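**Student:** This is the structure I have questions about; it appears just below.
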Amino acid sequence: MFDGGSDFDISSTVSWHALAAHQQHMYNLHLRELFAMAPDRGRELTVQAADLRIDFSKNHITRETVELLAALAREAGVEEKRDAMFAGAHINTSEDRAVLHTALRLPRDAELVVDGQDVVADVHEVLDAMGEFTDRVRSGEWTGHTGKAITDVVNIGIGGSDLGPVMAYEALRHYRHPRLTGHFVSNSDPSDLAAALDGLDAETTLFVVSSKTFTTLETITNATAAKAWLLSELGVGEGDPAVEKHFVAVSTNAEEVSAFGIDTDNMFGFWSWVGGRYSIDSAIGLSLMIAIGRERFDEFLAGFHAIDEHFRTAPLEENGPALLALVGLWYSNFWDAQSQAVMPYSNDMERFPAYLQQLTMESNGKSVTTAGHHVTTPTGSIYWGEPGTNGQHAFFQLLHQGTWLIPADFIGFANPVDDRTTADGRSFHDILMANFFAQTEVLAFGKTADDIAAEGVPPALVPHKVMPGNRPTTSILAPQLTPSVLGQLIALYEHQTFVKGMVWGINPFDQWGVELGKQQANALMGVIGDDAVPAQQPDSSTDAMVRWYREQRGR
Ligand code: F6P
């Protein structure tokens with residue numbers, strides 16, 4: 001059973017100490033030597049998780065490392081906690097909630113009753129409602145106030161109510177409906193909404209207001225402004241039924257949705273057991289479903305489910321998400337790596353690193369255990385990245401010859417969704433993937449001073465040209481970027497985030513750290529926007545900045 005309150009300290013375990021000793025040995029072995037010692041290690045350290053081929057061989061690991069890491073995960077109770085999560089136990093202890101994003105992708109005939117509620121039936125009821133609405137929008141049967149078919153869908157949301165939808169909308173660009181264009185508004189900077197609305201025709205625009213709580217300042221501010229724009233463009237007044245044809249909501253909060261003026265018949269619900277950053281496969285995916293259609297959305301969900309099943313059943317030593325987590329943790333906790341890079345070799349996956357930042361950093365950016373004790377180990381890697389090949393011409397220099405250890409995940413696809421050839425007959429995709437393979441190879445093996453000198457390079461230049469290699473990467477390959485494969489990739493990272501959190505003994509499902517900033521922003525709104533002379537701020541820096549700002553604004 002899940003225990004949210006034990007004094008368990010992972011860094012005092014036998015496996016932790018064994019890994020620390022093992023690291024001393026591994027530290028002296030260059031990846032070149034590891035490959036020389038085990039010529040077939042490329043195949044031996046590759047696992048298959050549904051359609052994902054995950055090659056861990058260019059990491060500072062051996063089979064022994066994998067066994068020690070699996071032992072660590074077992075000592076941390078990862079398998080029991082995984083089973084507790086899938087069963088609907090309240091593993092989000094600080095909020096006393098189940099964590100059931102895996103239920104969002106259960107097939108219709110699955111069974112799962114949690115807290116007396118048939119979760120599968122609830123999920124499919126919402127999916128059916130989303131599907132019916134999607135069909136009506138896509139076919140043109142759902143029209144705006146003046147009877148015209150919808151051409152533009154504007155998702156208004158932030159955090160998990162934005163990053164997943166926009167990332168997946170971009171990633172699945174080739175599967176979109178030709179008449180419908182998606183737009184995504186998140187920032188409280190008004191230029192975000194203004195840019196999205198620029199050139200839109202209110203008569204054919206549909207707003208999807210996505211907010212779990214329906215109280216998030218940015219979202220409600222943008223949605224209110226969007227409503228004002230719509231009413232003014234249509235030349236109707238507040239309370240006009242036109243709003244019903246142009247606004248739908250995705251939320252768990254029917255009361256606030258109704259108070260905003262959206263008919264709750266046009267609200268698509270989800271549940272407290274879906275965390276914001278784990279919600280793209282819930283009704284939060286409505287704008288995506290409208291773009292790609294319900295069948296493709298079903299394929300997307302099936303992709304998540306395939307990885308869920310793999311994660312639930314594969315032994316830790318062969319388990320893609322678990323190994324991705326454990327290898328990451330190996331670097332964070334035993335090699336002092338602070339960050340984790342992710343490079344999708346796919347321009348359509350441009351927003352994937354930003355999506356992962358919320359998923360991983362809002363989840364594992366914690367410094368107390370579930371029992372409330374200060375952690376004894378570093379947690380929560382800093383995730384960052386850019387699509388290849390762009391990153392190669394920006395920051396890869398630091399990866400190749402810099403002083404930091406930065407493990408990197410490379411994501412690539414065998415078949416392009418859009419196959420194009422250059423004027424001289426070469427495949428664009430082959431150029432892209434040749435770079436993927438070249439970078440992971442060069443990062444691992446580099447080039448020695450002897451090799452460089454042998455090329456006739458002047459001695460003074462040799463040190464500058466030495467490529468140390470020994471830089472770890474994990475290569476994640478899939479046949480093609482389809483809706484299913486995208487679902488698999490997201491689930492892979494969801495579960496690796498979970499495994500890390502469980503080993504560290506923290507709660508990856510709450511986010512108390514973002515609350516105080518929100519409260520303080522509300523308090524400061526009164527200070528910077530008020531005509532009255534502001535009260536002294538507690539610190540001299542904020543106080544001086546607030547006064548300077550007010551002066552600049554003529555207050
Ligand atoms: O910033 C914190 C957060 O609560 C995220 O976890 C969440 O995804 C985001 O705000 C948006 O919340 P909501 O969907 O309730 O508007």
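Condition check ((1) modelled with pLDDT of 95 or more; (2) farther than 30 Å from Leu324 by Cα; (3) in contact with a Leu (Cβ under 6 Å, 6 or more places away or on another chain)) across all residues:
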site: Leu443; (1), (2), (3): yes, no, no
site: His464; (1), (2), (3): yes, yes, no
site: Pro508; (1), (2), (3): yes, no, no
site: Gln536; (1), (2), (3): no, yes, no
site: Ser540; (1), (2), (3): yes, yes, no
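**Student:** Of everything in the stretch 396-443, what is without any contact (Cβ under 8 Å) to a residue 24 or more places away in the chain, of a type in the set (Val, Ile, Thr) and either farther than 23 Å from Ala341 by Cβ or surrounded by 14 or more Cβ atoms within 10 Å (Cβ to Cβ) (or both)? Give them in sequence order.
**Tutor:** Passing the criteria: Thr421, Thr422.
**Student:** Which number in (1) surrounded by 15 or more Cβ atoms within 10 Å (Cβ to Cβ); (2) closer than 22 Å to Thr497 by Cβ marks the one condition that Thr389 misses?
**Tutor:** Against the list (1) surrounded by 15 or more Cβ atoms within 10 Å (Cβ to Cβ); (2) closer than 22 Å to Thr497 by Cβ, Thr389 comes up short only on (2).
**Student:** Pick from Asp265, Asp308: which is under 25 Å from Leu104 (Cα atoms), among the acidic types (Asp, Glu), free of Cβ contacts under 8 Å to residues at least 40 places away in the same chain and away from the ligand (no atom under 16 Å from the Cβ)? Spell out the reasoning first.
**Tutor:** Numbers: Asp308 fails: free of Cβ contacts under 8 Å to residues at least 40 places away in the same chain.
Answer to the selection: Asp265.
**Student:** Something else now. Considering only the stretch 86-118, how many residues are free of Cβ contacts under 8 Å to residues at least 40 places away in the same chain and hydrophobic (A, V, I, L, M, F, W, C)?
**Tutor:** Step one: list which residues in the stretch 86-118 are free of Cβ contacts under 8 Å to residues at least 40 places away in the same chain, which gives 87, 96, 108-113, 115-118.
Still in the running and hydrophobic (A, V, I, L, M, F, W, C): 87, 110, 112-113.
Here the count works out to 4.
**Student:** Next question, about the same structure. Check Pro468, Pro534, Pro483 and return the single one that is surrounded by fewer than 23 Cβ atoms within 10 Å (Cβ to Cβ) and assigned by the TED database to the domain that holds Ser346.
**Tutor:** After ruling out the rest, the residue left standing is Pro468.
**Student:** Still on this model: When residues of the stretch 501-551 are filtered for being part of a helix (DSSP H, G or I) and more than 16 Å from the ligand (Cβ to nearest atom), how many remain?
**Tutor:** Adding up the residues that qualify gives 22.
**Student:** Within the set of pairs 6 or more residues apart or between chains, which connect a residue that is within 16 Å of the ligand (Cβ to nearest atom) inside the stretch 191-210 to a residue that is among the hydroxyl-bearing types (Ser, Thr, Tyr) with Cβ atoms less than 8 Å apart?
**Tutor:** Every condition considered, the pairs that remain are Asp192/Ser186; Val208/Ser287; Val209/Thr219; Val209/Ser251; Ser210/Ser161; Ser210/Thr219; Ser210/Ser251; Ser210/Ser287.
**Student:** Show the residue pairs meeting these rules: Cβ distance below 9 Å; 6+ apart or different chains; first residue within the stretch 336-348 and assigned by the TED database to the domain that holds Phe437; second residue modelled with pLDDT under 95.
**Tutor:** Sorted first by the residue in the stretch 336-348, then by its partner, the pairs are Ser346/Val417; Asp348/Val417; Asp348/Asp418.
**Student:** Here's a follow-up. Check Leu200, Leu231, Leu163 and return the single one that is more than 28 Å from the chain's Cα centre (by Cα), closer than 30 Å to Ser346 by Cα and of a type outside the set (Gly, Ala, Ser).
**Tutor:** From the options Leu200, Leu231, Leu163, the qualifying one is Leu200.
**Student:** Something else: Go through the residues of the stretch 226-238 one by one and say whether even a single one is surrounded by fewer than 21 Cβ atoms within 10 Å (Cβ to Cβ), assigned to a loop (DSSP other than H, G, I, E, B), in contact (Cβ under 8 Å) with a residue 12 or more places away in the chain and within 14 Å of the ligand (Cβ to nearest atom).
**Tutor:** Scanning the stretch 226-238 turns up no residue that is surrounded by fewer than 21 Cβ atoms within 10 Å (Cβ to Cβ), assigned to a loop (DSSP other than H, G, I, E, B), in contact (Cβ under 8 Å) with a residue 12 or more places away in the chain and within 14 Å of the ligand (Cβ to nearest atom).
**Student:** For the list (1) more than 11 Å from the ligand (Cβ to nearest atom); (2) in contact (Cβ under 8 Å) with a residue 12 or more places away in the chain, I need the number of the one condition that Ser258 fails.
**Tutor:** (2)
**Student:** Taking Ser339, is it more than 16 Å from the ligand (Cβ to nearest atom), within 21 Å of the chain's Cα centre (by Cα), within 29 Å of Ser94 (Cβ to Cβ) and at pLDDT 95 or above?
**Tutor:** yes
**Student:** Might you check whether a residue that is surrounded by fewer than 24 Cβ atoms within 10 Å (Cβ to Cβ), more than 23 Å from Thr46 (Cβ to Cβ) and away from the ligand (no atom under 16 Å from the Cβ) occurs anywhere in the stretch 317-333?
**Tutor:** yes
**Student:** Only one of (1) touching a strand residue (DSSP E or B) at 6+ places or on another chain (Cβ under 9 Å); (2) among the charged types (D, E, K, R); (3) away from the ligand (no atom under 16 Å from the Cβ) fails for Asp450. Which number is that?
**Tutor:** Here Asp450 clears every test but (1).
The values are calculated or read from the model by the stated rules, or taken from the named source; none is laboratory data. As the structure is a prediction and not an experimental result, all values here were calculated from the model. Ideal geometry is used to build each Cβ from the backbone, glycine not excepted, and the neighbour counts take in all protein chains shown.
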